[in-house]
Amino acid sequence: MLYPIGIQNFEKIRQGGFVYIDKTDLIYKIAQTGQYYFLSRPRRFGKSLLVSTMEAYFQGKKELFDGLAIASLEKDWTEYPVLHFDLSGASYTDMEALNDKIGRQLETLESRFGVVKKYKTFPVRFDNLIECAYNKTGRQVVILIDEYDKPVIDNLDSPELQDKMRETLRGFYGVMKGKDGYIRFGFLTGVTKIGKMSVFSDLNNLKDISMDARYTDICGISEADLKDYFSDSVRELAEANGLTDDECRQKLALMYDGYHFCEDSIGVYNPFSLLNTFDSMKFKEYWFETGTPSFLVKVMKNTSYDITSLSEQEADSSLLTDISSAFLNPVPLLYQSGYLTIKGYDEDFQIYHLGFPNREVKHGFLNYLMPYYTPVGSETPMMLISRMTRDIRSGNPESFMTRLDALFARTNYQIQADCEKDFQYAMYIIIELMGEYVETERTTSNGRIDILIKTKDYVYVIEIKTDSTPDEALAQIEERGYARPFADDPRRIFKIGVNFSTANRRIDGWKVV
């Protein structure tokens, strides 16, 4: 089977014999029921392929759709003039980059539709292009804009340049409002729905289908898709990794499934990671490795975001769909970027419960976060976690604590008031990452951290207090009966009392019994 990794052109996929997951019934439904649509999805989730498929459909390329659902639905296959703008594939570090990107695409389309008179400003050129395409073909125009928000997203940490980008795009996209009679269909994609962008205020009939249950898997791969298209791939992957088919499916779901784009929706697999896994026959963090969340981490640090709430976040729909307040609250950007997803919904209060979608994202994100809260020295975060996990599995709490002590001993807290918080955050990351390999639980309250770690042979009950003593921590384990549930457990029980000193900004003692 040929996997279309990195191929976003529908025609190339169909002519090249690559596997194509049929979403054309949804495209047909959209094309027949409305005029303007918007869809947001995380990066590398198939938005560009969706737009390319729409382009081929509206250009009447019937032969490309043989055997697909739309072939039996569409009868006319009318060829419309398509104006396809793609704002991906550029780094918008200055206004020149944006002007070049829009200018080159306008020139290509003007040449295609025989535009003679060239105006100076983008809005006037776009307006004129729509009319010329309409007049030349005698048919209404289809407008497809892929990654409409990338120039703004690229400059979230440069407010002044971002505002300039936004103003240019506002004028350009706003042209569509006045050309309604010339337009048959409009479709925009992006990572987020940006407030204060006139395309959303002016086009009051623009339908946002980002959280519409009918289109939840229009991008991405559903469980049904996995069974229908990739049964052979699953079997081959299972054999290559010494797994049964069921074990392989479970691991694929654990690693790459779990995206939910509305309440009570089916889960969706990350297509980029899934296809790469089938191609290489290895389970790896493919999606995470293609982009680092450096700006997100910067926002989280600047807003003093409590990272321990990452898997227990709440938000309403208005917060999730607009990143205008990203500098005050990173949650919308975390959701729109694909690092958090919908895990539950409170219908009474219309509140969404958010969490990591899958192991790839959780593991990759926490692994990336760790050096921001405590230096790992010459080791990578996963080297440190692997050594700590081996200590735990082998029943060596002293070695585990020595590594933990050394880790925080080299931490240079610049502000004493932040040291306890950063210590708690670092412990959260360590325990969550270890939780991929051993069973862990963690609670934090009133200056202390309770940790429970369980392996096949050992149980660790750890109490970490602040500005106290290891003996007081152990006394609390006894007083609260933390180890009592394991009284009849055949595994060896280790009780560990730890004290973190805010004055010394490190662990200054521990005791194991």
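The values are calculated or read from the model by the stated rules, or taken from the named source; none is laboratory data. Small disclaimer: the values here were computed from a predicted structure and weren't measured. All Cβ positions, glycine included, derive from the backbone under ideal geometry; neighbour counts span all protein chains shown.
Summary table below
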| read-out | value |
| --- | --- |
| Every residue from the stretch 130-151 that is within 27 Å of the chain's Cα centre (by Cα) and among the acidic types (Asp, Glu) | Asp146, Glu147, Asp149 |
| Residue that is modelled with the lowest pLDDT, among those in the stretch 5-19 that are surrounded by fewer than 18 Cβ atoms within 10 Å (Cβ to Cβ), part of a loop (DSSP other than H, G, I, E, B) and not β-branched (Val, Ile, Thr) | Gly6 |
| So Met165, is it part of a helix (DSSP H, G or I), of a type outside the set (Ser, Thr, Tyr) and within 30 Å of Thr33 (Cβ to Cβ) | no |
| Failed criterion for Ala133 (all others in (1) touching a helix residue (DSSP H, G or I) at 6+ places or on another chain (Cβ under 6 Å); (2) of a type in the set (A, V, I, L, M); (3) in a helix (DSSP H, G or I) hold) | (1) |
| Long-range neighbours under 9 Å by Cβ, at least six apart or interchain, first residue over 25 Å from Arg44 (Cα atoms) within the stretch 150-166, second hydrophobic (A, V, I, L, M, F, W, C) | Pro159/Phe327; Leu161/Met95; Lys164/Met95; Lys164/Leu98 |
| Enumeration of residues in the stretch 51-79 that are surrounded by fewer than 19 Cβ atoms within 10 Å (Cβ to Cβ) and among the hydroxyl-bearing types (Ser, Thr, Tyr) | Ser72, Thr78 |
| Unique residue being buried (at least 19 other Cβ atoms within 10 Å of the Cβ), in the same structural domain as Leu169 (by TED's automatic domain parsing), in contact (Cβ under 8 Å) with a residue 12 or more places away in the chain and within 25 Å of Gln8 (Cα to Cα) when the list is Ser91, Ser48 | Ser48 |
| Whichever residue in the stretch 24-39 is out of contact with any helix residue (DSSP H, G or I) (no Cβ under 7 Å at 6 or more places or on another chain) and of a type outside the set (A, V, I, L, M, F, W, C) and, among such residues, is nearest to Thr53 (Cα to Cα) | Lys29 |
| Sole residue being modelled with pLDDT of 85 or more and more than 16 Å from Met370 (Cα to Cα), chosen from Ile323, Ile307, Ile342 | Ile342 |
| Residues of the stretch 307-336 satisfying the condition of being without any contact (Cβ under 8 Å) to a residue 24 or more places away in the chain and more than 17 Å from Pro357 (Cβ to Cβ) | Ser318, Leu319, Ser325 |
| Within the stretch 254-291, considering residues that are outside any loop (DSSP other than H, G, I, E, B) and touching a strand residue (DSSP E or B) at 6+ places or on another chain (Cβ under 7 Å), the one surrounded by the most Cβ atoms within 10 Å (Cβ to Cβ) | Tyr256 |
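Residue-by-condition table, conditions (1) at pLDDT 95 or above; (2) more than 32 Å from the chain's Cα centre (by Cα); (3) within 27 Å of Met300 (Cα to Cα):
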residue: Leu98; (1), (2), (3): yes, no, no
residue: Thr121; (1), (2), (3): yes, yes, no
residue: Phe126; (1), (2), (3): yes, yes, no
residue: Gln162; (1), (2), (3): no, no, yes
residue: Arg170; (1), (2), (3): no, no, no
residue: Gly174; (1), (2), (3): no, no, no
residue: Gly178; (1), (2), (3): no, yes, no
residue: Gly186; (1), (2), (3): yes, no, no
